[in-house]
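The values are calculated or read from the model by the stated rules, or taken from the named source; none is laboratory data. Bear in mind the structure is a predicted one, so any value in this text is a computation, not a measurement. Because the Cβ atoms are built from the backbone with ideal geometry, glycine has one as well, and the counts that use them run over all protein chains shown. With ligands, DNA and RNA removed, areas are computed over all heavy atoms of the protein, side chains included. Shrake-Rupley method; radii C 1.70, N 1.55, O 1.52, S 1.80 Å.
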Amino acid sequence: QVQLVESGGGLVQAGGSLRLSCAAPARTRYVMGWFRQAPGKEREFVAAISWSGGIISYADSVKGRFTISRDNAKNTVYLQMNSLKPDDTAVYYCAAGAFLPGTQVNEYPYWGQGTQVTVSS
C-alpha cells in the first residue's frame, strides 16, 4: 500500500498564494502529479513531474501561476500556487505512479486523501 500525505491547503483571498506538499514513501522513484476536483465537477489534471524533475507538465489553466517541484531527499513534491483565483477552489489530490508525467486520472494508481483549497473573492 502506497500512502501519499498532502498538506498545506487552506483559505486564501484571491491573488494570494499557497504551497501544497505531498510526502511519498521513501526509496520510491515515482512520477508525481497534482489533480483537483471542484464540487460537481470531474477530477482534473493540474501538474506533474518526473522523478528527476526533468519532465514537467501543467494544465493550461495554471501555467504561469503554479509551479510543481520535488525534493527527492525528502521524498516530497510541492505545488506552489500564486495569483490564486476563486476558480482554483477545489480539493487538491496528490497522485503517484504514472509511467510518464501524464494528464489522465487513470494513469496514476496511487492517490492521497486530498486537501481543501478555498479562494475567496
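List the pairs whose first member sits in segment 25-38 and is polar (S, T, N, Q), whose second member is open to solvent by 10 Å² or more (accessible area, probe 1.4 Å) and not in a strand (DSSP E or B), and whose Cβ atoms are under 7 Å apart, counting only residues at least 6 apart or on separate chains?
Cβ pairs passing all conditions: Gln37/Arg43.
Pick from segment 54-64 the residues that are within 19 Å of Cys22 (Cα to Cα) and not aliphatic (A, V, I, L, M): which of them is surrounded by the fewest Cβ atoms within 10 Å (Cβ to Cβ)?
Going through the qualifying residues, I end up with Gly54.
Restricting to segment 80-94, what's the tally of residues that are over 14 Å from Gly16 (Cα atoms) and of a type in the set (A, V, I, L, M)?
Total satisfying the criteria: 2.
Taking the condition surrounded by fewer than 17 Cβ atoms within 10 Å (Cβ to Cβ) and either touching a Lys or Arg at 6+ places or on another chain (Cβ under 9 Å) or on the phi < 0 side of the Ramachandran plot (or both), does Trp51 pass?
yes
Quick check on my filter: what residues within segment 50-62 are part of a loop (DSSP other than H, G, I, E, B) and not β-branched (Val, Ile, Thr)?
Those that are part of a loop (DSSP other than H, G, I, E, B) and not β-branched (Val, Ile, Thr): Ser50, Trp51, Ser52, Gly53, Gly54, Ala59, Asp60, Ser61.
What do you reckon, is Ala24 at pLDDT 95 or above, closer than 17 Å to Tyr92 by Cα and open to solvent by less than 40 Å² (accessible area, probe 1.4 Å)?
No: the conditions fail for Ala24.
Out of the strands (runs of 3 or more DSSP E) lying entirely within segment 69-121, which hold 2 or more residues that are open to solvent by less than 40 Å² (accessible area, probe 1.4 Å) and modelled with pLDDT under 95?
90-98
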